[in-house]
Each structure stands twice: as C-alpha cells, then as structure tokens.
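One structure is given below, encoded as structure tokens.
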Number of protein chains: 2
Amino acid sequence: MKRNVYLDTVDLEEAEKILRSQFIKPLYEESEVISVFNCLGRITKEPIFATISNPHYNASAMDGIALKAESTYGAHERNEVILCEGADFMYVDTGDYIDQRFNAVLMIEDVIPKGEGQIGTIKSVYPWENVRVVGEDIACGDMILTSNYRITPVDIGALISGGVLELEVYKLKTVGIIPTGTEIVNPGESLKPGVIIDSNSRVFESMVKETNGIPNRYDPVPDEIDKLRKAILKSVEENDITVINAGSSAGSEDYTVSLIRELGDVYIHGIAIKPGKPTIIGKIAGKPVIGIPGYPVSAYIAFKTFVLPLLNPNLAKKEDVKIEVTLSKRIVSALKHEEIVRMKVGKVGEKRIATPLNRGAGATMSLVNADGLLRIPKASEGYEAGAIVEVELLKPVDLIDRSLVSIGSHDILMDYLNDFMSKARDGYTVSSAHVGSLGGIMAVRKGETHIAPTHLLDEETGLYNMGFINKYLKGEKIHLLKGIKRWQGFYVNKGNPKNIKEIKDLFDKDVLFANRQRGSGTRVLLDYILKKEKYESRLINGYDTELTTHTSVALSVLSGNSDVGLGIQSVANLMGLEFIPVALEDYDFIIPHEYINDPRVQYFLEKIQNTEFINHLKSIGGYELEGFHMSTIEVGGT
Amino acid sequence: MKRNVYLDTVDLEEAEKILRSQFIKPLYEESEVISVFNCLGRITKEPIFATISNPHYNASAMDGIALKAESTYGAHERNEVILCEGADFMYVDTGDYIDQRFNAVLMIEDVIPKGEGQIGTIKSVYPWENVRVVGEDIACGDMILTSNYRITPVDIGALISGGVLELEVYKLKTVGIIPTGTEIVNPGESLKPGVIIDSNSRVFESMVKETNGIPNRYDPVPDEIDKLRKAILKSVEENDITVINAGSSAGSEDYTVSLIRELGDVYIHGIAIKPGKPTIIGKIAGKPVIGIPGYPVSAYIAFKTFVLPLLNPNLAKKEDVKIEVTLSKRIVSALKHEEIVRMKVGKVGEKRIATPLNRGAGATMSLVNADGLLRIPKASEGYEAGAIVEVELLKPVDLIDRSLVSIGSHDILMDYLNDFMSKARDGYTVSSAHVGSLGGIMAVRKGETHIAPTHLLDEETGLYNMGFINKYLKGEKIHLLKGIKRWQGFYVNKGNPKNIKEIKDLFDKDVLFANRQRGSGTRVLLDYILKKEKYESRLINGYDTELTTHTSVALSVLSGNSDVGLGIQSVANLMGLEFIPVALEDYDFIIPHEYINDPRVQYFLEKIQNTEFINHLKSIGGYELEGFHMSTIEVGGT
C-alpha cells in the first residue's frame, strides 16, 4: 500500500486533521490492567463502574443517638419525648453504623440525659436526617469514569471508595527521538566552529515525560543516508512514535523526507505555521514518523503541535488556558501562515500588557522568557499596538501577575535584583524588557511599566535624565530614585592589543568599533562626548553597526568581531575584558506616581536598597553607591 | 524550646503565614548537584549562568555567500558588483561558520553566477546582516535562570545551549503519610459495617507525585496512643514533612493534637475554612507535622492548601488559573469561615454557567465532577443567582468549553452517552446536572442549558411533556426530540418478599416506600396514578422520604432501608433488583432554538441516534426505541 500523498504546505488545521485521522486510532489499541494505586495520569480504555457503594452502610453523619425518626414526631418545647436506650435508641459517633432498626440520628446537643438509660428530647428529626445512607456518594454500579479519561488524584480516591482495585488503561506511548545532522554533537563535547550542541532532543525528552509518555532518545546520526535509514528503522521497531529532528544545515530535511517516502508514506511536508514550517508528517509500518525542524524555537512549536497531541487522545490541553492582554506594540505577520509569537506579559495597573519577544527561530532564551504564546491567524496581517488579544499561558498567571515590570535600559544589576527577589521567596520577580532608556521613558508615558531604569545624559546641561523627563513626560507626576552610579568605558581584549586609551583612538584606521543603538543611554553618552570634543562620528569604523546590549558589545570584542566598544564596567569584569574608564553616569529609576504604592514597586524599593544586595553589587565592581534618595516630580507643560 | 502556641481557629491567611514563616526556610536548605538531563521540575538553589555563548561562533543564518558587507556597498540595479571566490567571498549554508575575514551573508537568491569563481550582485548588505553573531541568543556569563526557579522543558534547552551540564537544585521533599483511625482498613480488605476504606492516603500520594515530591505512605494506625506516637516519630525521622490523616470518628483528632503537643509544638488547631476546619499545624524536631481531617473533601482541600505549598517554595500555583462564571443558583455561606465550593461549569451561549455541586464533606464524586472551586470569603454570606464570580480551574478550560450541558431528569443513558462520546475522541463530553425534569425546563427558560431531558406527564391530558412546555416556556422557540420510551415500575428485592404487584400494595402497613423528590418526572407519574385511582398519598408509609435519583431509590431497596420504590427498569437491571412494570413513558429532550446549531448539540443529536449506541441501550434493557423525530415548537403566550 504505497501512497505518496505528498501535500505541499498545508494549513495547520488540515495537518491536525490528518494527524488525528491517521494515527490516534492505531495508537490507542493496546491496553493493560494496572493497580489503582499506580494509575495517576493514565487514560482509561473503558468506562469504570463502582463495585461497592460508598458509604457501604448507613453511617451516622453526627455524634448523637440513632433512633426511629417516627419516635420523635410531636416533640417540641412543651412536649418532651422520652426514649429508652436499646429499645428506642443507641449512642453513635460520626461514621458509626446505624442498624436496621433505626433511620435517623438526633444530634448529641439535642439529647437531654434523664438517667437510668433514658433520655428526653424536644426536637424531632425526619427520616434519614443526619445519616449518610448507603450509596449517597457512590452507588454500586455507578459509572465513576468514562472511557478516554485521564486520571487525576481525586479520581483515585473515588475509584478506591467505589471498590475498584484494578483497572484497564491504555499502554503508555514510547517516543523515539533521533537527532540528526553531521554538525550535531552531544553536550559536553568539544566545540569547533560550525558544530551545534544537541539540545532539542533533551527538550523533547522532558516534554514527553511531562505528558506521561516514555522518551527513548538515540545518539545523533550524521547526514548519511544509510545510517539514518538504519536509525529510523530501529526507532520505528522499538517505539510507538518516531521523531526525527533535522539539523538546521541544508540537506538534513531532504534526507528525512526521502527516507520516510522510501520506507513508508509522507502525508505532509511543510505546514503553514511560523515557526515550524518544514515539519514532515509520515507513516512507517503503520506508526507515525514526524520530521521536526532544527532551529530550537521551530522544534519546540512543532513538537508541541504535532507530537504531544498523539500522547493525549482526548484533545484537551491544560496549557490551552488563555488570558486577554493588551499589546504594547504593533506586530506584523505575513498572510501566508499562522504565526506563533512568544510574548512577555506583565500586569500594570488593571491591564495585562504583552510585548513580543525576539521572533528568531534560534532564540532559545525567548522561550525561557516567554509568559505566553500569541497566535496570529493565517489570514491576519497582525495587530496594532493597543489591540486586545488572547495569549496561551506558558507560566502560572499568579507568577506573571506578581512580576515587577521594568522597561528601559539594560544593566545586569536587574538580573541580580531579580535573583535577589527570587531568593527571598515572597513570590515577587522582575520582568525586564531591554529597550533602551528612551524606550523606558515612552513606556512610562503610556502607563505600561512599573519602573523605567534610565541613564540619559542631557547634551545641553550635562545632567542625567532630568532633561529627557522634562521633554517627554510633560504633565506627568513621577518619582525618581537616584543613588546608583556606574562606570562607562572602553571594552578591549586582554593586553589592549590596539592600544586604545581615549576617544581619539577610535578614529585609527585599523580599529573596528562596536556601537550601541540609538536611544540607548550609552549611545547618547558617546554622541555627547563626540560632539563636545568636535569629532565627526561617521569617521569611526563600525559606527553604523548597532548592538542592543552591553553584553553583545562585550562579546563582539571578545570574539574579535570588533576591537573596542563602549559599555559598563560590571559586564567587562564578568566577561574578563579589560576596561578603560570614560565616564561615571547616573543609573536612575523613574516610577509613575500611579504605581508608587503598588506592592511590587514597594518591594522593589525595599530590595534595591537592601545592604546585602548593595554589597553584592560592590563585589561585582563598576558601581558607585552613594546613598539612595527619592524625589517627586510634577513635570510642567502638556 | 517548648512553646505551645495553641491558636483557636485562625483565619486562612494567618495559617498560611505561619506555615511559610515556620517551615519554608528550614525545608529549603539541602541541595544536590544533578545532571541537566534530569533536572525537569527541579528547583534551582542559586542562579545559573551560561558558561558558553550560543551561537558559540558567527553562524550563517541563510544559505548564500559570506563576504565583507563593505564590498557590496554601492551595488544597485545599474551597478553590479563583481566578487571573487576565496578572496572576496565563500559559499556558506545555514549554520556554517563565518570566518573572521567576513562580516555578512548575501542570500543565494541575490547571487548572480559569472563563472570562473566569480559572482555578481546588485544587492548590498549591512554589517552582520544574515549572520547569527556569537552570543546573539545566550552570552557567556548571562544569568539563564534565577534561584528558586522550577525548571521546565524549554529551560533545559537553554541550559544545554549555555554550556550547563550540571546544576545545583534543592533536594526533593519526602512526605510521610500516616492514615489513622481504628475504623480505617486498606482497600480490598473485607467490609464490615462501620469500617472505612482508606482512600485519602492514596489521593495524597498522587498529589505529592504531581507536585514533584516523594510520598511515603504508611499502613493505617489504629486509635491507640502508643502506636500513633511510634508511627509519628518514625515518619518524622524518615521524612521532611509528616501528614497525619485523622479518621472521621470521634477522638482521632484529639490523639493527633495531643501527640504533636507532647513531641513538639502545635501552632494551629482549627482554621476558618470549610471544608477543612479541623486541620492541625505543628512542628516536631524542626519539621512540619500536619494533621488533616478525615472526610475526603476536607482532606483534599486541607492537603492542597497546607501541604502542597511546602513542596513549592516560589508560591506560584499552576492551578490558580481563574475564569469568570455566572452562578445558576444562589449560594449561601456562613460568615465565620472561608468556604470552598466545588462547581460544575459549562459554556452555554456566550456565558460560562456555574452550579454548585454537593457540598457534603464526604462526597468524593463531587471532587471528580468538579470543574473548579469557588472561594466564598469569610466576610461574605454568599452570592445571588446570576452573580459573576471567579472560579479556580481544576480541569482544562478547553475540556469544559467542549462539554454539552444537560440539565434535567436523571437517566443512566446520559452516562452511557457521555462514555460513547468520549470513546469517539472528538473532544466532546456531556456535563449532566440531575435536577429533575421541571428543573430542566426552568434551565431552558433561563437559557442555561443546551438540552433538557424531561419526562413530565400532564395530569389532564395524560400526554408527556407538552403540557409543561406550554405552561412554563411561553413565548419560547424550542425543539423537541422524541424517540426514547422507558419502563417505569416497582423495584423490589429478589423473590419480591413483600409481594408487591400493584399500586394498592403500597398501602400495606408493613410496606416501606422510597419516594422521589417533587418536580421529578417519576414523582409526577406516581402522583398522577394515585390521583387517577383516587388513593390518598399520605397513607403510604415513607411517602415523605424524598430521594433524588433512580439509583438512590434502588439502593434504598437493595440495602433494606425500604421495601419498594418506583423507578426506571434499566437501573433495576443493572443493580440486580426485580422489576414490576407500571407504565411506559416518553423520555424527551428539549433543545432551545438558540442552541440548535451549536456544534455540541449537533454532535449530541448525531450520537444519540447512532445505531451502535441504540443497540447498547437495548442490551441494558428497559427502553423502547421507536425511531427518533424532532419537532420545532413556538410556544404561544408570554
């Protein structure tokens, strides 16, 4: 039965339909009978019925006396009924058996002792009052769980109470994971330029574990058709599902698709989603074989979308919880695919504000930092800033809502502050977006950040931040926290091979400079110095190459992509670069007045001024800490 | 250091504060270094930094040629730039190393082959265009994760890409679980009246596993102080956390609290939540010892609220996802405690409608059936019907939203239909509320159900359902599905010991009848017959005892609580009772017009008429299936 149903770039919906119709039924045939004690997370094959009732006897729901309800009829304040122990009643505690002679319980509070085995009462009870009757919770024969049901802890309690000791569940699914590509090496192996560490297969392993499957990871297979054929056949033999993770280099994907076609059927090659487009869906020996693209973000999205559903036959996904967010900026997307964008989300005021993260398919940190995923449908060109959209949560909403939102300039002290807050275990964290100082001021203006770290030098006054605040925050009431100063200077490699000492050395012909982007405080500082000393910036080699963080400038120097860059000392210290001081600048925090009493902001103010944290910053070096002070500023104008 | 800080019924907030301040720090001291391959779900002790950059070399992001960006400057449509292989450029594939001589990649589409190692281009590129520069994703020295961070699959990818092979995480926590109570037996042991099967400890085990802890369950300990003392000391010795699950009988709780006081400190005895009030929080040998109440629902809530947070030091809880719902009925709560109510949720029209489930502390099935939890604060008396409140989700919202909401009469065919739909794996399920036929019609009127199963006999016409539809659904447009008839009759034990044959036998003095509640179709049928044959209902022994389902009537007869009841044949067949037919009735479905095209309703209509399903119903017996037909009814009046 050789059918090469090769479909060229199908829509996501079509791909999911093919996946389900081809594979779910054959995957969910084999079952096993297991103990109720080990059935957490397993999926029922058949409905499960109670074999005993719960309670299995008429049980007292109170401490008191068991009696016939009829014997209390007529009791009221002026008519005490007298009853004899044994004949008319017996004492019972909660949970005790009510014997067949009785049909109700009178609470002990309503029992008046009369001595000699007699009691009186002025209360009447109705039949079965204060009795948990047989089967009140579960009746013998009740359907406790349906088929295709994933068992949770409380279900185990109900199964046991219903007398179920063993039950039939589907076998766990095994997933063979084959990393491929000649350039792929295992973690820990030596790194030559051009080789790529296999991390995807380890992410897949964990995703399978989390979804109650059994991962079987194989060693990376080079791009040799015979070796790959052997590996695929072995995995198909040994597993229910096989995943081939193509390398990102040219050719890997072609090998995969031609081998699946040779050994079985290719149903889909190319799906209209981004990232994840080059996904392949095929079948060998009746089993699903999925080719997953190499870039980490594409790999994650494709695995989540096309492999995990095979481990969950009842479709529902816990992570499908969606929340409404307001976009902080415009997102443009092409019409030709559904695009999945990683989003950072923070709750500022009453709104949850979402900002897209790096959309590159290689940006693994964008996955770590993402709070949710935004899906932009195929037919949509994207969304405007301010649009209200839904994102699928990747993190607990509680964690997101307790994050301090910081938008503005990049400094590693924000990472250390985040860690310092995490260590305190009060549930607060920092969610930082590095958009440069000016970007932070704009976020303050739009009310989209709790704090904005900024270090913008006013060219006219030579003062930090106030010039920009007066210019861009007219009519706003803000608070300004001052107290941290940091050294800016040149990053050069050990031994200072190009002998850089001062600004004029940047103009040497054989010196390549790594610049920062416009709007960043470091760029403003450079331009200020160049203007003051009347240099022409366009004569600097590399002036047009804009990098967005201190770290990327440091790495550019460290790797030889450039000879020198301007940045803060702490990063140079951490990366082992030499540092030539140029200027001491104020790294301040703007806090909009409306958020000053927000518990996250108050927590931040407490922690950043904490002695232990200050001492940690001093140990990194590059900071001058002179005592904090806050000022309240009502900016004039409109 | 003997301090018996005994607090009498503290508020939940206070209890949580004590729990955190006393236990989190000592619990999170010990750490271990583990492989990155096994760190899923573990919690970091210290921040984790990258030891290599990703990419670790300048990598081509495209297939094309690597060159110096400067060599393309000036290229445009009328100025083709010519470059020589080797000197000016080299061919690269995606992921290839860009050597130090070059700083950009020109895409292969823009390369014009000229032969003899030469190419031309009319496109220029800027420095580092189409190059993934060293550290673009992760820079050596970057903080990848903070302290106190729970590791997810994508984090493992970032750690590996950042060169982290091992990392320091907190040790997993062990939880000793001691079931206590003389009445407690292990599942599978023989059941005498008064004994209770231990199911709580198995639920706790699973909850611990789900939260990444290690459960150690001990065998049930009888209510003997020496044995319990020994068990507690052993568990405290062997585990980080000890949980004592009191039996529900009097005295269990007292033993626990006095032993914790003897061996250590009791901080709290009694917390103002319902269910869960008798919770005890204490400390022995510096370790938390928590006493949990015995009723299953109390046990679940108390364990979730006071034990699970000890396994998660960063506070955030995945299950804290909340959704807004509209209450279908009033919920009253006392001012003296925070009450946690299990809720059934269904999406009908645009609204999510929530209905409280059985609030009894022994109702394990209410936990299985609950979609979410509603918290009624201490100071609140509850909510009115129609109020919009938030519930914490216990099930995937996707699953909830794909449920067909059925409110009305109880018939086990609805359980079988739910299972039949689950088996089809299309993601649809049935969410049934058994409120009787009349309750279903009221839900239709309020627009709160997709379908209402009903079997109400009109006393005047002797016809089913139309009389009530005309009376209660004035001005509504509905659809009525007819086709299922079912036998109603008497349930009696094997051999029919009281020799019941017809209605008049219910009036025998030694016959005890089990009645159904007012508004149920079965009750309407009984009252119709009694009236028609001119009997006086109040002369029936047990007429005032109202049970709410066929199953509970059957169990009442089976257990000897009563001698006879009226109910449907299918339940008698399943429970092994004898059945004496009384009447054949129409079991119809009302569908409001506004939901007739809802995919869940359409799915229901398809499945209930499915031959396989019909055959299954026939095999149970008690149904007459005559071919379905639908009618559209516009009810007159207002």
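The values are calculated or read from the model by the stated rules, or taken from the named source; none is laboratory data. This structure is a prediction, so every number in the text was calculated from the model and none was measured. Glycine gets a Cβ as well: all are built from the backbone with ideal geometry, and neighbour counts include every protein chain shown. We work out accessible area using only protein heavy atoms, side chains counted, and drop any ligands, DNA or RNA first. Shrake-Rupley method; radii C 1.70, N 1.55, O 1.52, S 1.80 Å.
Odds and ends about this structure:
- Subset tally (residues that are over 16 Å from A:V397 (Cα atoms) and either open to solvent by 20 Å² or more (accessible area, probe 1.4 Å) or outside any loop (DSSP other than H, G, I, E, B) (or both)) for the range B:391-412: 12
- Strands (runs of 3 or more DSSP E) fully within the range B:152-233 counting 1 or more residues that are among the aromatic types (F, W, Y): B:166-170
- In the range A:530-638, counting only helices (runs of 4 or more DSSP H) that sit wholly within it, the ones holding 3 or more residues that are surrounded by fewer than 17 Cβ atoms within 10 Å (Cβ to Cβ) span A:599-608, A:611-620.
- Residues considered: B:R359, B:R352. Of these, the only one that is under 19 Å from B:S432 (Cβ atoms), surrounded by fewer than 20 Cβ atoms within 10 Å (Cβ to Cβ) and more than 9 Å from every other protein chain (Cβ to nearest Cβ) is B:R359.
- If you go through the range B:577-636 and keep only what is out of contact with any His (no Cβ under 6 Å at 6 or more places or on another chain) and of a type in the set (S, T, Y), you end up with B:Y603, B:T611, B:S619, B:Y623, B:S631.
- Checking each residue in the range A:516-529 for being open to solvent by less than 10 Å² (accessible area, probe 1.4 Å) and of a type in the set (S, T, N, Q) picks out A:S520, A:T522.
This table checks each residue for (1) over 23 Å from A:I412 (Cβ atoms); (2) out of contact with any His (no Cβ under 6 Å at 6 or more places or on another chain); (3) not in a loop (DSSP other than H, G, I, E, B).
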residue	(1), (2), (3)
A:Q488	no, yes, yes
A:Y491	no, yes, yes
A:P497	yes, yes, no
A:D505	yes, yes, yes
A:K509	yes, yes, no
A:N515	no, yes, yes
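- Test: B:K395 is of a type in the set (D, E, K, R) and within 17 Å of the chain's Cα centre (by Cα): yes
- Residue match in the range B:368-375 (condition: touching a strand residue (DSSP E or B) at 6+ places or on another chain (Cβ under 7 Å), open to solvent by 30 Å² or more (accessible area, probe 1.4 Å) and either among the β-branched types (V, I, T) or touching a residue at least 24 places away in the same chain (Cβ under 8 Å) (or both)): yes
- Residues satisfying the stated conditions in the range A:172-195, i.e. out of contact with any Pro (no Cβ under 8 Å at 6 or more places or on another chain) and either at pLDDT below 95 or facing chain B (nearest Cβ under 7 Å) (or both): A:E183, A:P187, A:G188, A:E189, A:S190, A:L191, A:K192, A:P193, A:G194, A:V195
- The set of residues in the range A:428-463 that are within 14 Å of chain B (Cβ to nearest Cβ) and either open to solvent by less than 30 Å² (accessible area, probe 1.4 Å) or in contact with a Lys or Arg (Cβ under 8 Å, 6 or more places away or on another chain) (or both) comprises A:Y428, A:T429, A:V430, A:S431.
- Screening A:D63, A:D88, A:D155 for residues that are touching an Asp or Glu at 6+ places or on another chain (Cβ under 6 Å) and not small (G, A, S) leaves exactly one candidate, A:D63.
- Strands (runs of 3 or more DSSP E) lying entirely in the range A:1-89 (those with 1 or more residues that are surrounded by 14 or more Cβ atoms within 10 Å (Cβ to Cβ), away from chain B (no Cβ under 14 Å) and out of contact with any helix residue (DSSP H, G or I) (no Cβ under 8 Å at 6 or more places or on another chain)): A:7-10, A:64-67
- Scanning the range A:360-390 for residues that are at positive phi and in a loop (DSSP other than H, G, I, E, B) yields a count of 1.
- Scope the range A:590-604; condition touching a helix residue (DSSP H, G or I) at 6+ places or on another chain (Cβ under 8 Å) and over 18 Å from A:R402 (Cβ atoms); matching residues: A:I590, A:P592
- Qualifying residue in the range B:381-402 (condition: of a type in the set (D, E, K, R) and more than 13 Å from chain A (Cβ to nearest Cβ)): yes
- Residue check for B:L367: within 21 Å of B:T449 (Cβ to Cβ) and within 14 Å of chain A (Cβ to nearest Cβ): no
- Residues satisfying the stated conditions in the range B:114-145, i.e. of a type in the set (S, T, Y) and facing another protein chain (nearest Cβ under 10 Å): B:Y126
- Residue within the range A:413-427 that is facing chain B (nearest Cβ under 10 Å), in contact (Cβ under 8 Å) with a residue 40 or more places away in the chain, among the acidic types (D, E) and within 20 Å of B:L393 (Cβ to Cβ) present: no
- Against the conditions (1) in contact with a helix residue (DSSP H, G or I) (Cβ under 6 Å, 6 or more places away or on another chain); (2) part of a loop (DSSP other than H, G, I, E, B), B:K329 satisfies every one except (1).
- Matching residues in the range A:446-461 - criterion: being at pLDDT below 95 and touching a helix residue (DSSP H, G or I) at 6+ places or on another chain (Cβ under 8 Å): A:G447, A:H455, A:L456, A:L457, A:D458, A:E459, A:E460, A:T461
- Of all residues in the range B:151-171, those satisfying the criterion of being more than 12 Å from chain A (Cβ to nearest Cβ) and out of contact with any helix residue (DSSP H, G or I) (no Cβ under 9 Å at 6 or more places or on another chain) are B:E168, B:V169, B:K171.
- Taken together, the criteria place A:I441 among residues that are not assigned by TED's automatic domain parsing to the domain that holds A:G386 and not in a strand (DSSP E or B).
- Residue check for A:Y255: at pLDDT below 95 and away from chain B (no Cβ under 11 Å): yes
- Taken over the range A:146-192, residues that are among the hydroxyl-bearing types (S, T, Y), over 30 Å from B:S422 (Cβ atoms) and crowded, with 19+ Cβ neighbours inside 10 Å amount to 1.
- Test result for B:I469, under 20 Å from B:G408 (Cα atoms) and in contact (Cβ under 8 Å) with a residue 40 or more places away in the chain: yes
Here's the yes/no breakdown for (1) in the same structural domain as B:G162 (by TED's automatic domain parsing); (2) more than 19 Å from B:E129 (Cβ to Cβ):
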residue	(1), (2)
B:G41	yes, yes
B:G74	no, no
B:I82	no, yes
B:M90	no, no
B:G95	no, no
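- Among (1) crowded, with 24+ Cβ neighbours inside 10 Å; (2) in contact with a Leu (Cβ under 6 Å, 6 or more places away or on another chain) - the single one A:I214 does not satisfy: (1)
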